[in-house]
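What follows is a short report on a single structure.
The values are calculated or read from the model by the stated rules, or taken from the named source; none is laboratory data. Predicted model only: the values in this text are computed from it and were never measured. Heads up, the Cβs are rebuilt from the backbone with ideal geometry, glycines too, and the neighbour counts pull from every protein chain shown.
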């Protein structure tokens, strides 16, 4: 079962905030009045009795303690930066399984948590951006791919594994055979828009027929840097009822943010080994 963490966080902040406000407006004044009444009734006060009268209810005590921490986490996670872990190799050689990344949540606009409603326009995804988004067919799952097509673009991918944007061949330069691949995989430097980054291709496998797509308004065409091992806009199963023109596209409402840095790597899925920091750096 998928856990909606943003919703749980919002609910936790709301409950703790309500308890803190309840104490401020009603419970705390009532405790003070009880203490004043007790002082008027006795000649000599008992410290133990005063402590009992001043004691906050357990729920209020915990709510007031957790509220500022949870509120800060909510603001940071919802509007500034959110951490993610890379689950697969679809973005090799840019990102590897077990990489922990940071995602800029405001690069493409300020959105309300849970509702994902954009309330402030800041910027739009650009070709070459590495973007986290909610998978169209299963919005509870976060995906990470590279933006290849923006609204209005004509995207073509040939059987020779070459990418064209608006009729122009995207430049790529051979770098080297992938280490350990025995010549079955090669690394290239690709220039997509203003971004230069590495991609990976397997030799003589996973050939697809020539295909093309036109990116509709408010949508984006996504591809993984591991071109032959990426479930992306080229092959996605769309939600039922998706018009053909929107097949494989990511709608703007599904955008989470722009990935900008790797801060730790922990490739062992069981986390039995220690993490390492050799891959720390900005994402290209």
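A search for C-beta distances below 8 Å between a residue of the range 160-188 that is not assigned by TED's automatic domain parsing to the domain that holds residue 92 and any residue that is part of a loop (DSSP other than H, G, I, E, B) and surrounded by 10 or more Cβ atoms within 10 Å (Cβ to Cβ), counting only pairs 6+ apart in sequence or on different chains, returns nothing. Screening residue 191 with (1) in contact with a strand residue (DSSP E or B) (Cβ under 6 Å, 6 or more places away or on another chain); (2) part of a strand (DSSP E or B) gives one miss only, at (1). Within the option set 238, 232, 268, being in a loop (DSSP other than H, G, I, E, B), more than 16 Å from residue 103 (Cβ to Cβ), at pLDDT 95 or above and in the same structural domain as residue 147 (by TED's automatic domain parsing) holds for one residue only, 232.
Condition check ((1) at pLDDT 95 or above; (2) touching a helix residue (DSSP H, G or I) at 6+ places or on another chain (Cβ under 8 Å); (3) surrounded by 12 or more Cβ atoms within 10 Å (Cβ to Cβ); (4) closer than 14 Å to residue 233 by Cα) across all residues:
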{"residue": "113", "(1), (2), (3), (4)": "no, yes, yes, no"}
{"residue": "120", "(1), (2), (3), (4)": "no, no, no, no"}
{"residue": "125", "(1), (2), (3), (4)": "yes, no, yes, no"}
{"residue": "144", "(1), (2), (3), (4)": "yes, no, yes, yes"}
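Report whether or not residue 139 is closer than 28 Å to residue 265 by Cα, touching a helix residue (DSSP H, G or I) at 6+ places or on another chain (Cβ under 7 Å) and part of a loop (DSSP other than H, G, I, E, B). The answer is yes for residue 139.
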